[in-house]
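One structure is given below, encoded as structure tokens.
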Amino acid sequence: MKDSKPIELRGRLSRQQKSRLQNLFDMMYRPSEIAKEIGITKRQFYRAYLPLGLPHERDHRNHVWINGCMFREWVLDYYQKVKLKENEAFCLTCKKPVEIKNPDQQKTSDLIYILCTCPICGRRLSKILDRKVEE
């Protein structure tokens, strides 16, 4: 299995916040203006996005200015959804997909899932295989 880059979970947006990104225009915003528009805190820009490489500009007073369209494109590109293969589960400790080894299949009244252990850190992982929908 090839070694994939670690996934950054800090700063992820909810589905509603991602849909509000469409309201941003191709103009320069202050972090507080974007934060108010999409429903996050201004602090998230300084603690998560800027250290991760968000494209921005600083004026002569060292104020941060962010282009709305560039921010939207950066968020959607940087926080892409992880596609798991059939023999992979996502480890939240390692922050990457890991190969499933020695799976233990479990069943409940409405779920069929497997339990396994992360080969890197030893964390217990689960992956849902099927959901039973009652009619």
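FYI, it's all coordinate maths here, none of it is from the lab. A quick note: this is a predicted structure, and the numbers were derived from the prediction, not measured. Using ideal geometry, Cβ is built from the backbone for each residue, glycine included, and neighbour counts are taken over all protein chains shown.
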| query | How large is the convex hull of the Cα atoms of segment 26-92 per residue, expressed in Å³ as a whole number? | reply | 111
| request: Could you check which residue among Phe90, Phe71, Phe25 shows the biggest mean-square fluctuation in a GNM of the chain with a 10 Å Cα cutoff? | output: Phe25
| note | The relative contact order of the chain, taking Cα pairs under 8 Å that sit 6 or more residues apart, comes to a percentage of 19
| note | With x for Gly and Pro, the residue-by-residue ³J(HN,Hα) of segment 11-24, computed from phi through the Karplus equation 6.51 cos²θ - 1.76 cosθ + 1.60 at θ = phi - 60° and given in whole Hz, is x, 5, 9, 6, 4, 5, 5, 5, 5, 6, 4, 5, 7, 7
| What do you get for Rg/Rh of segment 12-135 when both radii come from the Cα atoms and Rh is the Kirkwood radius? | 1.14
| query | Say the cut-off is 27 Å between C-alpha atoms; which of Lys18/Lys132; Lys18/Lys96; Lys81/Lys132; Lys81/Lys127; Lys42/Lys83 go over it? | reply | Lys18/Lys132; Lys42/Lys83
| Note, ³J(HN,Hα) from phi for segment 82-97, Karplus 6.51, -1.76, 1.60, rounded to Hz, x at Gly and Pro | 8, 8, 8, 6, 5, 9, 10, 10, 9, 9, 6, 7, 7, 6, 7, x
| message | Over segment 15-78, what is the relative contact order in percent, taking alpha-carbon pairs closer than 8 angstrom and at least six residues apart? | response | 41
| Shape call for segment 88-131 from the C-alpha gyration tensor, a ≥ b ≥ c root eigenvalues: rounded (a/c under 1.5), prolate (a/b greater than b/c) or oblate? | prolate
| message | Counting other C-beta atoms within 10 Å, and keeping those with at most 10, which DSSP coil GluC sites (Glu not before Pro) do you find in segment 25-125? | response | Glu86
| query | What does the charge add up to near Arg12, with Lys and Arg as +1, Asp and Glu as -1, over the other residues with Cβ less than 12 Å from its Cβ? | reply | +4
